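Encoded as structure tokens, the structure appears first; notes follow it.
Derivation of every value follows stated rules applied to the coordinates shown; laboratory data play no part. Only a predicted model underlies this, so the values are computations on that prediction, with no experimental measurement involved. A quick note on method: Cβ atoms are made from the backbone with ideal geometry, for glycine too, and the neighbour counts reach across all protein chains shown.
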């Protein structure tokens, strides 16, 4: 562990696939993973292919119950890295934490509807039963509401019949017809697509409507600045190993044999849908392109979500991103 403080009761990047010469892996990086979370998929490939040892570190995964536990463990320095969103990373940095963000995935959620739904656009959601995962301050919901008001001329917050809840429950209610549409995280969208449901509008569509020039990685690996400063070789090695694992999954179908048991995919259609969406989310753009689009989206969230969502920062904090080699 790079640093320790306290104890929890219970209690994973970017271009540059070159590998360091093999050497003793003396530095451990602890990665927090969630049940069925995609960081565990990537970690499985890193361990199965020895990408950690080849890149000069030892990867240790720590299983956590959920996002709250991951955040607590990271903030308490129980872990060296977790997968988290850009907005939370920016908020921590603006509050004085030296957090760094290494882009992990551009895959985001979507509004899902049945295949035969008469809902064809945002305006059609007026008066409809709309499920929203993640709560009233979920970034995708805040952006969707803003698009409705600014480009769709609809106030979803006051015209749709909203139901906030956990993603599995909302997905189930959409399947049983208790909801007309649901804004869900991407894994649940993929599972529904395997059952014939379709995307009405994706978070990527919404971000492009607000000026993004490409698919934005709003999810990344978070590192404390002191970890990057004290163990640069290990962080660089982790970045290379993560990128290499993604490329292996993209180019070698058999590599998914180590991952499938972690996916909770009940059939081939679900497995293929989850696999397709994961691969589609591999970041391919430069850090500068990510930063520029990230600033656009952050500015929109500041304007529409306010301090409750982004904290006191009015712009995306400088020096937030890590580059391809794991450098700040």
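Could you sort the peptides 309-319, 84-94 by per-residue average Cβ neighbour count (10 Å cutoff), highest mean leading?
Going by the mean number of other Cβ atoms within 10 Å, highest first, we get 84-94, 309-319.
Take the Cα atoms of region 110-209, find their three principal axes, and give me the spread along each one in whole Å, biggest first.
33, 23, 22
Using the Kirkwood radius over C-alpha pairs as Rh, can you work out the diffusion coefficient of the chain via Stokes-Einstein at 37 °C, viscosity 0.692 mPa s, in µm² per second?
162
Can you compute log10 of I(q)/I(0) for region 209-328 with the Debye formula, treating each Cα as one identical point scatterer, at q = 0.11, 0.14 Å⁻¹?
Debye intensities relative to I(0), on a log10 scale: -0.52, -0.80.
Region 258-312: percent of C-alpha pairs farther apart than 13 Å?
Working: 1057 of 1485 pairs.
In whole percent, the long-distance tail amounts to 71.
Consider a paramagnetic label point 7 Å from the Cα of residue 173 along Cα→Cβ; state which residues of region 96-114 have an amide N under 20 Å from it.
109-114
Rg (Å, one decimal) plus Dmax (Å, integer) for the alpha carbons of region 46-116?
Considering region 46-116 through its Cα atoms, Rg and Dmax are 16.1, 52 Å.
Quick one, can you get me the convex hull of the C-alpha atoms of region 166-242 expressed as volume per residue in Å³?
On the way: hull volume 11.7 nm³, N = 77.
Cα convex hull per residue, to the nearest whole number: 152 Å³.
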